[in-house]
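These notes concern the structure reproduced below.
The values are calculated or read from the model by the stated rules, or taken from the named source; none is laboratory data. Note that the coordinates shown come from a computational prediction; the quantities given were computed from them, not determined experimentally. Note that each Cβ is placed from the backbone with ideal geometry, even for glycine, and that neighbours are counted across all protein chains shown. Only protein heavy atoms, including side chains, enter the accessible area calculation; ligands, DNA and RNA are left aside. Shrake-Rupley method; radii C 1.70, N 1.55, O 1.52, S 1.80 Å.
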Amino acid sequence: MPPSCCGYLSQFTHHHLVVFLLTFFSYVLLHASRKTFSNVKVSISAQWTPSVQNDSAPPFSPGETWQDNRLFADEEEATLFLGALDSIFLFSYAVGLYLSGVIGDRVNLRYVLCFGLCGSAVVEFLFGTLTEWLHIYNIYLYCGLWVLNGLLQSAVWPCVVAVMGNWFGKAGRGFVFGLWSACASVGNILGAFLASSVLKYGYEYAFLVTSVVQFAGGVVVFFGLLTSPKEVGLRESETGLGPVETDSDSHRPLMSDEEEEEEEEEVEVHAKPCQSVQQPDESQRAISFFQAFCLPGVLPYSLAYACLKLVNYSFFFWLPFYLSNNYGWKEAEADRLSVWYDVGGIIGGTVQGLISDFMGKRAPVLAFSLAMAMGALVGYSRSPNDQVINAVILAATGFFIGGPSNMISSAISADLGRQDALRGSQEALATVTGIVDGTGSIGAAAGQYLVSLIESKLGWMSVFYFFIAMTGGSILFITPLLWRELQAMWRDRRALRRQL
Amino acid sequence: MTSIDKKKMIAVYSWKESVALILLFNISFNASDRLSGLQVCSLCGGKVPNGTAAGRFCSQSAGRIDGRCCLRNDSTSDPERIIGLDLSNCSLTRVENLQDASEALMIDLSLNPIVNISDDVFQGFFDLKCLILPKDIVCPGGNSSWQKVEIQKGNRLCEGQKNMCNQTGQMSLNCPENSLCAPYGPGFYECSCAENYHGYKCLREGTFPVLQVFGPLALSAVVITFLLWVTQRRKAKSL
């Protein structure tokens, strides 16, 4: 029986809302600072290079204003280095994801999350602001700081997904997580806005503002985030998919001590049938990295996500370049058009999450969407030179690629980390999320290199065939799960018919 | 035979070096300033002769003669600067560093066996109004950089620097974005940042409003932190 609308909403308290917003904005701030870096690239490369004069004309005077910064001979070299920094970041981010998930399940999630947010804010301040104020331009320093930034930023995603997984049960998870995973796109918009509004004072202020805002976000999270409903004596989200129960406490506007006691009693009553199977000591023990890897579904989804994130991030990084390169559209137009991919992804993640909630199964929705994505990619590679048609096909491609991608990285990761097989050890959420997203990030990092290689050797059409093949690959990896889920659905239906 | 052997000094200092230099100058009781001023003045012996162009110029502008230099300070608080330099008949074969006299109004290098002078020697000499050279040496920056070039008593006289910024000539004088053109010695121009712009390549505009940005930010962070702590974490139990 699908949950009704009112029952669906009334299970949430004001704690749920605050947790949703805090985790959402944690990742928004993180992605905003990432976007800041890509938006100030032009200013940074100007800062690192001497000004170029055409032909034999003498260089501009005075030297200290126009010539003295010679980290790179020209802007082309600087751009190459900035691209290398992106790859370094993605790789260290991927490595960090494997580690930080494991740490997140063992240490308090709130501490790890704050450490990631504030630490990466400090590193960004050092990278962008302090080196500029002190005029220290050194490529090894930049590389080192960016590796550190990748490692610190990787602490955030597994923690926010784990906190969300603690609070939002599997029943409404698809929809809530679909909505929630818009945080990356919102972060991009916020980052672009922050960077553009302070860039005129110098790129170091773009870094200063985003890192200070991110640091403040970390402090707010430290004092405001409840990592688990258990911290305020509420029931933790249920593991299985079942009809949604109505919580009586959400109707009460304020919490008093009396009520809390009541809630605790209530929880004990509720929790008893669940906990009768497990020993209480065991429930707090975190799962090991390899145990998490071997959990049913983790490996197939990780590999599927590696293929999918490769395609998704390639669109993210290369789309404006492809549009201005292939159609000759201006950079600003291409930037504006590429937003439609994000829009499609947000809607796709939410709608597909909702559908999967009602079905009670995620793999069939995923497989269908990915099959459609292959078609959308074929369509997009043959898109006519018309911005409206291109934007429509692009939004559809985003819907079918970005949607599943958002779903695997958030809702499905949370499902996998709280599955029934984990009854004995509950703290697997961050580890599993780290493994899924880390494998995905390795795929994305490799994709950065492969796309530029294929494009230069074989052209854009081959890049699209590569994308189609990768999407097919991710379908292949989830086929076993799809088969199992379809069988289960078939069995359920037969059982239901027999009952009637 | 004397020659200027000092290494070519380019005004290329990084931020740190210039700070260190300033410190050095302050510590060494202003002696180094004076010493370097004397170096160019004592490139060859004797004093500025009374009868020469430089001597006449110096007495007209009420300067003090020190070796081959004519020094003057505009006000008592200012340090003395070289306004005239007479290195005539000094047997110079090369002229490489005259930076100490960069504010000079007139320089006399006549009667020297100089083969060639690089244009760069006079970069930054935007006050220079009169330059006397041996006949075979062309005026720095070419004839187009001077209002009047003439041969007088076997010397070449370069008079009245032209402003390179107002000239429409063979060189493209467009300064980059956000900068304005200003004269910078014969044949040279300088691109200095336009009003409100500063920093490397004049990329920065205005000053960052620290209080307006971080004030509200800090305030709202504190308020949100407090509110959330009261409503969320105040009664949280450690797990």
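Some points to look at:
- One residue from B:L131, B:L92 being closer than 17 Å to B:P186 by Cα and not polar (S, T, N, Q): B:L131
- Leading residue by the ranking (surrounded by the most Cβ atoms within 10 Å (Cβ to Cβ)) among those in the stretch B:176-205 that are over 19 Å from the mean Cα position of the chain (by Cα), at the interface with chain A (Cβ under 8 Å from one of its Cβ atoms) and more than 13 Å from A:P59 (Cα to Cα): B:R204
- Meets criteria (assigned to a helix (DSSP H, G or I), open to solvent by less than 30 Å² (accessible area, probe 1.4 Å) and modelled with pLDDT of 85 or more) for A:I103: no
- Of all residues assigned to the stretch A:130-151, at least one qualifies as being within 21 Å of A:T23 (Cβ to Cβ) and open to solvent by 10 Å² or more (accessible area, probe 1.4 Å).
- The listed residue being more than 14 Å from every other protein chain (Cβ to nearest Cβ), assigned to a helix (DSSP H, G or I) and modelled with pLDDT of 95 or more, out of A:Y98, A:Y93, A:Y140: A:Y140
- Matching residues, the stretch B:84-97, being under 15 Å from B:L71 (Cα atoms) and in a loop (DSSP other than H, G, I, E, B): B:L87
- Residues that are open to solvent by less than 40 Å² (accessible area, probe 1.4 Å) and not aliphatic (A, V, I, L, M) within the stretch A:466-498 comprise A:F466, A:F467, A:T471, A:G472, A:G473, A:S474, listed in sequence order.
- Residue within the stretch A:7-24 that is more than 30 Å from A:L151 (Cβ to Cβ), modelled with pLDDT of 85 or more and open to solvent by 60 Å² or more (accessible area, probe 1.4 Å) present: yes
Listed here are the residues, each with its yes/no results for (1) more than 30 Å from A:F223 (Cβ to Cβ); (2) surrounded by fewer than 23 Cβ atoms within 10 Å (Cβ to Cβ).
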{"site": "A:L71", "(1), (2)": "yes, yes"}
{"site": "A:I88", "(1), (2)": "yes, yes"}
{"site": "A:S92", "(1), (2)": "no, yes"}
{"site": "A:F115", "(1), (2)": "no, yes"}
{"site": "A:S120", "(1), (2)": "no, no"}
{"site": "A:L126", "(1), (2)": "no, yes"}
{"site": "A:S154", "(1), (2)": "no, no"}
{"site": "A:A162", "(1), (2)": "no, no"}
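- Residues that are open to solvent by 30 Å² or more (accessible area, probe 1.4 Å), among the charged types (D, E, K, R) and farther than 11 Å from A:A292 by Cα are absent from the stretch A:424-439.
- Close pairs from the stretch B:223-234: first facing another protein chain (nearest Cβ under 7 Å), partner surrounded by 13 or more Cβ atoms within 10 Å (Cβ to Cβ) and not in a helix (DSSP H, G or I), Cβ under 6 Å, at least 6 apart: B:Q232/A:L226
- Only listed residue being of a type outside the set (A, V, I, L, M) and either without any contact (Cβ under 8 Å) to a residue 12 or more places away in the chain or surrounded by fewer than 22 Cβ atoms within 10 Å (Cβ to Cβ) (or both), chosen from B:S110, B:S91: B:S91
- Here A:F215 meets the list (1) more than 7 Å from chain B (Cβ to nearest Cβ); (2) modelled with pLDDT under 95; (3) assigned to a helix (DSSP H, G or I) almost entirely, failing just condition (2).
- Helices (runs of 4 or more DSSP H) contained entirely in the stretch A:363-421, each with at least 1 residues that are modelled with pLDDT of 90 or more: A:363-381, A:387-407
- Counting the residues of the stretch A:422-465 that are of a type in the set (D, E, K, R) and part of a loop (DSSP other than H, G, I, E, B) gives 1.
- Residues that are modelled with pLDDT of 85 or more and at positive phi number at least 2 in none of the strands (runs of 3 or more DSSP E) confined to the stretch B:149-230.
- Residue in the stretch A:440-455 that is closer than 30 Å to A:L151 by Cα, surrounded by fewer than 18 Cβ atoms within 10 Å (Cβ to Cβ) and within 21 Å of the chain's Cα centre (by Cα) present: yes
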